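First the structure, then my questions, so here it is.
The values are calculated or read from the model by the stated rules, or taken from the named source; none is laboratory data. Everything quoted here is computed from the prediction, not taken from an experiment. Backbone-built Cβ (ideal geometry, glycine too); neighbour counts: all protein chains shown. With ligands, DNA and RNA removed, areas are computed over all heavy atoms of the protein, side chains included. Shrake-Rupley method; radii C 1.70, N 1.55, O 1.52, S 1.80 Å.
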Amino acid sequence: MSGWDACTMEQNHWLRWIECHPGLAGYLQAVGVVGTLVLALLGPLVARWIGRFRERRARNAKTLSLARSLLPHVNTLLERIHGRLETLGTYSEPEGNDWGLFLQNMMIEIPGPLDIRFSGFDLDQARLAFYARLVEEARGYDNTLGNKQREGAREGEWGALRRAIHADLTKLRELALDASAKIRDM
């Protein structure tokens, strides 16, 4: 009995055909080696890409969760802004010490949960840029009024101050409405 002959004894028709054509067998082996090398090189790259995709998806989920949890507080801020705009319409020029009380009443006081910093969080900062701008502008508005309250008012300043407060509150209202809409659209 002679040894194994793949050209005649192999059960699988395709393997038998490949074994009977030695040049083709060598070619397929070379292609197999190249394919294995390509997979060995691309495997870690694909794994890294998948890892980054999962991290990005988790970061987006955290961002969305935080943004949606802040929506009621953005709406509270919006209500405060509307209230200050209504109050501003009812005020006549304050006298004497009433300036300090007027300015204090015009402050909007950012709701506690909104007054956070995002730098320590693993969040998608770009998706929360609108929110950060709203909080920054609200802080700036309250700081300006606080400074004005410490400085005191000068004679004849009521009209200009009232217009400036109205403009700032209107800008804040637009930012809050925009933030609220963007959070709902996330």
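Taking Ala58 as the residue in question, decide whether it is at negative phi, at pLDDT 80 or above and either open to solvent by less than 80 Å² (accessible area, probe 1.4 Å) or in a helix (DSSP H, G or I) (or both).
On the way: at negative phi: yes; at pLDDT 80 or above: yes; either open to solvent by less than 80 Å² (accessible area, probe 1.4 Å) or in a helix (DSSP H, G or I) (or both): yes.
The answer is yes for Ala58.
Take the residues of segment 62-91 that are at pLDDT below 85 and surrounded by fewer than 12 Cβ atoms within 10 Å (Cβ to Cβ): which is farthest from Ala129 (Cα to Cα)?
The selected residue is Thr90.
Can you name the residue in segment 140-177 that is acidic (Asp, Glu) and more than 20 Å from Leu77 (Cβ to Cβ) and, of all such residues, is most open to solvent (accessible area, probe 1.4 Å)?
Taking segment 140-177 as the starting set, the residues that turn out to be acidic (Asp, Glu) are 142, 151, 155, 157, 168, 174.
Adding the requirement that they be more than 20 Å from Leu77 (Cβ to Cβ) leaves 151, 155, 157.
On the way: Glu151: 125, Glu155: 179, Glu157: 37 Å².
Among residues in segment 140-177 that are acidic (Asp, Glu) and more than 20 Å from Leu77 (Cβ to Cβ), the one most open to solvent (accessible area, probe 1.4 Å) is Glu155.
Give me the residue from segment 118-131 that is part of a helix (DSSP H, G or I) and exposed (fewer than 15 other Cβ atoms within 10 Å of the Cβ) and, out of that set, modelled with the highest pLDDT. Quick ask: steps written out before the conclusion?
Initial filter on segment 118-131 (part of a helix (DSSP H, G or I)): 125-131.
Next cut, exposed (fewer than 15 other Cβ atoms within 10 Å of the Cβ) only: 125-126, 129.
Working: Gln125: 67, Ala126: 71, Ala129: 77.
That would be Ala129.
Restricting attention to segment 1-46, which residues are exposed (fewer than 10 other Cβ atoms within 10 Å of the Cβ) and either within 29 Å of the chain's Cα centre (by Cα) or under 30 Å from Arg127 (Cβ atoms) (or both)?
The answer is Pro44, Leu45.
For Glu137, which of the numbered conditions (1) of a type outside the set (Ser, Thr, Tyr); (2) closer than 17 Å to Leu70 by Cβ; (3) surrounded by 14 or more Cβ atoms within 10 Å (Cβ to Cβ); (4) modelled with pLDDT under 80 fails to hold?
(4)
Another question about this same structure. If we scan segment 96-103, do we find a residue that is within 30 Å of Arg184 (Cβ to Cβ), touching a residue at least 40 places away in the same chain (Cβ under 8 Å) and among the aliphatic types (A, V, I, L, M)?
Within segment 96-103 (the criterion being within 30 Å of Arg184 (Cβ to Cβ), touching a residue at least 40 places away in the same chain (Cβ under 8 Å) and among the aliphatic types (A, V, I, L, M)), the answer is no, since none of the residues qualifies.
Filter segment 89-112 for residues that are touching a helix residue (DSSP H, G or I) at 6+ places or on another chain (Cβ under 6 Å) and in a helix (DSSP H, G or I) and give the result.
Taking segment 89-112 and keeping what is touching a helix residue (DSSP H, G or I) at 6+ places or on another chain (Cβ under 6 Å), we get 93-94, 100, 103, 106-108, 110-111.
If the condition is that a residue be touching a helix residue (DSSP H, G or I) at 6+ places or on another chain (Cβ under 6 Å) and in a helix (DSSP H, G or I), then Gly100, Leu103, Met106 are the ones that fit.
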